[in-house]
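Accompanying notes for the structure given below.
The values are calculated or read from the model by the stated rules, or taken from the named source; none is laboratory data. As the structure is a computational prediction, the values presented were derived from the model and not from experiment. Using ideal geometry, Cβ is built from the backbone for each residue, glycine included, and neighbour counts are taken over all protein chains shown. Note: accessible area is taken over every heavy atom of the protein model, side chains too, but ligands, DNA and RNA are not part of it. Shrake-Rupley method; radii C 1.70, N 1.55, O 1.52, S 1.80 Å.
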Amino acid sequence: QDQMLLSPLGTLQLGGNSAVRWAPTSVGAHAYQGPEAAAGGHCSTPAATLGSGALCLAYALRSYSRRRRAQSRLAMNGLPGVTQGTVNTHALPAQVHWGSRAAQVLPDTLAKLGCKRAFLMVSRSLRNETGEVEEIAKSLGDTCALVWDGMPAHTPRDAVIDAAKAARSVDADVIVTIGGGSLTDGAKAVRIALETNATTPEELGQYCFKGDIAAVKQTPLLPQVTIPTTLSAGEFAPYAGCTDPVSKTKETYVWLDALPKAIILDPELVQHTPEWLFLSTGLRSVDHCTECLCSLSGNPYSDGLASAALTLLVRGLRGVKEKPKDAAARSLCQLGIFQAVQACQSGPKMGASHAIGHILGPAFDVPHGYTSCVALPGVLRWNAEEPESAGRQQLVVEAFARAATGSGVAPGSAADCVAGLVSELGLPGSLAEVGVKRSQLEDCAQRTMHDPLVQTNPRKIADWKDV
């Protein structure tokens with residue numbers, strides 16, 4: 001992105017199934033312990049890591065190694081943060097293909113997994129309005145067992161059960177998703193329903209995460225391959241968001257094997273995604289980076305990843321807005337969300353913007369990406385009144401500055417940077433613009449107080465009036 005000659009496509013081989021713990025040595029440097037230090041207790045397998053409560057679920061589990069739970073203090077970069085922790089590398093997909101066409105990569109990907117009966121969960125609009133789904137299905141030949149397009153936004157539980165029934169009917173041995181975050185999460189929940197033989201929304205609801213790490217399952221699930229069309233980044237995590245159709249609340253489903261086996265980032269395919277959806281879900285990933293950088297449980301490792309990801313995202317989103325057909329700019333966005341997720345999985349805890357977003361979506365029908373557009377700037381301004389939080393917000397300003405053209409300087413505060421980007425991308429910047437009425441604000445605020453991320457906001461939230 002710095003005007004150098006770079007490869008336009010590639011495959012990232014991951015899935016090391018290990019964890020790296022880090023801590024300052026007596027002389028102030030970092031001591032990194034990898035697999036060779038396993039005998040000394042510095043490397044853990046997924047099972048051992050699960051036992052210690054570190055699943056690297058940035059917001060769903062809120063659980064990290066015991067040492068990370070220590071009181072926040074000055075980290076080695078001079079900013080408030082932690083000085084030791086655990087980075088869990090097992091929560092990354094084994095393969096990430098980027099810059100390639102899905103129809104070219106998917107057949108070989110499924111063959112390597114040994115899968116012969118693919119159940120395709122796809123975006124209905126993409127299927128009806130373009131030839132992309134048909135082309136991908138055709139590339140699979142007889143391996144494509146069924147194409148299903150019935151998943152609504154926010155992944156309601158009853159739709160998950162419908163999809164699971166359809167997958168059972170064709171004896172599927174792999175689920176392929178082509179679409180946005182609701183489909184990605186939906187496929188994870190479908191796989192849980194298939195594994196547990198859940199045939200009703202109520203039966204599936206028994207498996208939603210209730211805070212007990214020991215209850216998280218490790219048994220294998222049907223494999224999943226995801227071809228995302230948005231920037232919501234749910235494909236990079238072993239948990240899924242699902243909505244209770246009765247209470248309209250978002251639930252989290254956690255299963256260690258829920259992570260897709262492969263992800264295909266096709267920059268041509270996402271050109272069919274409506275501009276507002278692509279850009280707003282990109283802003284959602286900007287939110288991931290921003291709250292990661294602002295977290296008082298941040299560390300030098302997560303800061304580096306989040307800063308780089310934020311710079312990629314800002315450059316890429318601006319490039320897509322300026323030239324919608326620019327595949328290179330879309331690739332920057334796709335790689336940016338990959339880095340953003342790695343940062344979130346490295347210890348920092350999300351805050352009030354994510355907490356508010358969890359309510360705005362299912363309870364007030366605000367699109368996933370729009371929740372960050374309207375919540376993040378206000379949260380940043382409120383948090384900036386706390387000195388420690390204001391110090392970490394400078395990292396956000398610096399990342400925007402690196403992404404800027406011309407003078408290379410991003411003016412104003414972190415809140416100004418984000419609000420300016422929202423405006424620049426033509427996205428809504430207020431609750432009124434997304435249909436939330438003033439009379440609904442108290443209800444929204446009170447619901448938000450039940451979200452666990454309220455407790456991890458950099459500035460203490462005393463009650464719903466603060467929200």
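Could you check region 212-228 and list, in sequence order, the residues that are in contact (Cβ under 8 Å) with a residue 40 or more places away in the chain and in a loop (DSSP other than H, G, I, E, B)?
If the condition is that a residue be in contact (Cβ under 8 Å) with a residue 40 or more places away in the chain and in a loop (DSSP other than H, G, I, E, B), then Val216, Gln218, Leu222, Pro223 are the ones that fit.
Do we find a residue being touching a His at 6+ places or on another chain (Cβ under 8 Å) and either open to solvent by 20 Å² or more (accessible area, probe 1.4 Å) or over 26 Å from Leu360 (Cα atoms) (or both) anywhere in region 152-169?
Yes, there is a match, as at least one residue in region 152-169 is touching a His at 6+ places or on another chain (Cβ under 8 Å) and either open to solvent by 20 Å² or more (accessible area, probe 1.4 Å) or over 26 Å from Leu360 (Cα atoms) (or both).
I'd like the full set of residues that are open to solvent by 10 Å² or more (accessible area, probe 1.4 Å) and either in contact with a strand residue (DSSP E or B) (Cβ under 9 Å, 6 or more places away or on another chain) or among the charged types (D, E, K, R) (or both), limited to region 217-228.
Passing the criteria: Lys217, Gln218, Thr219, Leu221, Leu222, Pro223.
Check off (1) open to solvent by less than 40 Å² (accessible area, probe 1.4 Å); (2) closer than 18 Å to Ile264 by Cβ for Lys138 and give me the number that stays unchecked.
(1)
For region 84-137, enumerate the residues that are in contact with a Pro (Cβ under 6 Å, 6 or more places away or on another chain) and modelled with pLDDT under 95.
His90, Ala91, Pro93, Gly99
What residue, among those in region 275-289 that are farther than 13 Å from Leu421 by Cα and either among the charged types (D, E, K, R) or over 13 Å from the mean Cα position of the chain (by Cα) (or both), is surrounded by the most Cβ atoms within 10 Å (Cβ to Cβ)?
Filtering region 275-289 for residues that are farther than 13 Å from Leu421 by Cα and either among the charged types (D, E, K, R) or over 13 Å from the mean Cα position of the chain (by Cα) (or both), the one surrounded by the most Cβ atoms within 10 Å (Cβ to Cβ) comes out as Phe278.
Among residues belonging to region 364-403 that are under 20 Å from the mean Cα position of the chain (by Cα) and open to solvent by 30 Å² or more (accessible area, probe 1.4 Å), point out the one that is modelled with the lowest pLDDT.
His368
How many residues does region 129-156 hold that are polar (S, T, N, Q), in contact with a strand residue (DSSP E or B) (Cβ under 9 Å, 6 or more places away or on another chain) and part of a loop (DSSP other than H, G, I, E, B)?
1
Which of the residues spanning region 172-200 are part of a helix (DSSP H, G or I) and at pLDDT below 95?
Matches in region 172-200: Gly181, Ser182.
If I filter region 181-197 for residues that are among the hydroxyl-bearing types (Ser, Thr, Tyr), touching a Pro at 6+ places or on another chain (Cβ under 8 Å) and closer than 30 Å to Leu360 by Cβ, do I get at least one hit?
Scanning region 181-197, I find at least one residue that is among the hydroxyl-bearing types (Ser, Thr, Tyr), touching a Pro at 6+ places or on another chain (Cβ under 8 Å) and closer than 30 Å to Leu360 by Cβ, so the answer is yes.
Would you confirm, using the coordinates I've provided, whether Glu433 is of a type in the set (D, E, K, R), at pLDDT below 95 and open to solvent by 60 Å² or more (accessible area, probe 1.4 Å)?
So Glu433 fails the test.
For region 421-454, enumerate the residues that are basic (Lys, Arg) and without any contact (Cβ under 8 Å) to a residue 24 or more places away in the chain.
Hits for region 421-454 are Lys437, Arg438.
Looking at the structure I just gave you, is Leu126 in a helix (DSSP H, G or I), touching a residue at least 24 places away in the same chain (Cβ under 8 Å) and surrounded by 15 or more Cβ atoms within 10 Å (Cβ to Cβ)?
Here the answer is yes, as Leu126 does meet what is asked.
Within the set of pairs 6 or more residues apart or between chains, which connect a residue that is open to solvent by 10 Å² or more (accessible area, probe 1.4 Å) inside region 184-196 to a residue that is in a helix (DSSP H, G or I) and of a type outside the set (Val, Ile, Thr) with Cβ atoms less than 7 Å apart?
Close Cβ pairs satisfying both conditions: Asp185/Gly234; Leu194/Ala164; Leu194/Ala167; Leu194/Arg168.
In this structure, is Cys289 at pLDDT 95 or above, within 19 Å of Thr230 (Cα to Cα) and out of contact with any Cys (no Cβ under 7 Å at 6 or more places or on another chain)?
Yes, satisfied.
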